[in-house]
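These notes concern the structure reproduced below.
The values are calculated or read from the model by the stated rules, or taken from the named source; none is laboratory data. Just so it is clear, the structure is predicted and the values come from calculations on it, not from any experiment. Positions of Cβ are generated from backbone atoms using ideal geometry, with glycine treated the same way; all protein chains shown enter the neighbour counts.
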């Protein structure tokens, strides 16, 4: 039982004075993903085939590798921000929430690192 | 974690059926959520046969008639019966609205009346709005200034400046919007909800108010403000045709504006 006032409960620990950066980055990454995803899909569709030689040739040429790195980083960043919101929405026990937020953060950083590593490996010609 | 079923003592059981009065000419079934915490019983849905020919046109008329003639224990809030007090907000045929401004002719099928969703129920159609009112108080809904008021007259604002707050200031705090918002259902302990945020916006854009920055500071929080995911149920259901979703979007824009 608690005899605190309703206002005290609503005010809680006060404003976190953050959130705008998260919101803005979610919008920026989604805007950036529009051209990046379009470029990725169009590139794949216009490729003559999906065998290893064709893909590594495509990935070693011109701006392909940097754009792919950008795509992977933007996508994982956007996904991390989105999954964070889902967890904050639905996971209400503070322990479980903290643990899942941390794990999701680590998982996304790992995915980004693995993606970038794979791109570089193929693009720099050591993927055979 | 999220709960997907109501707690055992909140699950709705079959209720009582009250037949229509003899000689009813225009019969309509009204199904009403009933709950008395003192009884220790689960909530139930009672069915009332109503003769539309001998009843006023609005849902509130039906409730008053049923309370007067069939079951005097039927409990609901009402006052002005003209859409300005916000007391009779309830969930009617699946939509939050005011019983007094909802015509029964607009509703198809049986009329189903429940309290505002996802709120603690005090009795029948009366939700506990303590938290909702505290959230309104939390945004300090009054003029905050540093410049002393002119000694001989009120603080002035132009006609255009007044018109900017005309709509947001018309909120009657009925709670239809906040209780229609899924984000509010899941996180009403920390998310302020559309009604309180609309009130905050009303003071943020008030040309006489001098606490704009402090007001934005107090809202800048992943839960207080940013639980809004632009679902827009709030704007959909507002019985005064106000636009809390837009007000929240404008607040989010101001948050970015002061950063870049």
Some residue of the range B:77-97 being surrounded by 13 or more Cβ atoms within 10 Å (Cβ to Cβ) and without any contact (Cβ under 8 Å) to a residue 12 or more places away in the chain: no
Qualifying positions in the range B:216-253 - surrounded by fewer than 20 Cβ atoms within 10 Å (Cβ to Cβ) and farther than 28 Å from residue B:82 by Cβ: B:217, B:222, B:223, B:229, B:230, B:231, B:249, B:250, B:253
Enumerated helices (runs of 4 or more DSSP H) restricted to the range B:137-239, each holding at least 3 residues that are in contact with a helix residue (DSSP H, G or I) (Cβ under 9 Å, 6 or more places away or on another chain), within 19 Å of residue B:254 (Cβ to Cβ) and within 14 Å of chain A (Cβ to nearest Cβ): B:193-204, B:212-219
Those residues of the range B:9-43 which are outside any loop (DSSP other than H, G, I, E, B) and without any contact (Cβ under 8 Å) to a residue 60 or more places away in the chain, in sequence order: B:9, B:10, B:13, B:14, B:15, B:16, B:17, B:18, B:27, B:38, B:39
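From the list B:153, B:146, B:164, pick out the single residue that is exposed (fewer than 14 other Cβ atoms within 10 Å of the Cβ), outside the structural domain of residue B:27 (by TED's automatic domain parsing) and free of Cβ contacts under 8 Å to residues at least 60 places away in the same chain. Working first, answer last.
On the way: B:146 fails: free of Cβ contacts under 8 Å to residues at least 60 places away in the same chain; B:164 fails: exposed (fewer than 14 other Cβ atoms within 10 Å of the Cβ).
Testing whether each residue is exposed (fewer than 14 other Cβ atoms within 10 Å of the Cβ), outside the structural domain of residue B:27 (by TED's automatic domain parsing) and free of Cβ contacts under 8 Å to residues at least 60 places away in the same chain leaves just B:153.
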So residue A:36, is it touching a residue at least 12 places away in the same chain (Cβ under 8 Å) and either touching a helix residue (DSSP H, G or I) at 6+ places or on another chain (Cβ under 8 Å) or within 14 Å of chain B (Cβ to nearest Cβ) (or both): yes
Residues being surrounded by 13 or more Cβ atoms within 10 Å (Cβ to Cβ) and outside any loop (DSSP other than H, G, I, E, B) - total across the range B:98-112: 7
Residue within the range A:41-64 that is under 20 Å from residue A:122 (Cα atoms), in contact (Cβ under 8 Å) with a residue 60 or more places away in the chain, surrounded by fewer than 14 Cβ atoms within 10 Å (Cβ to Cβ) and more than 23 Å from the chain's Cα centre (by Cα) present: yes
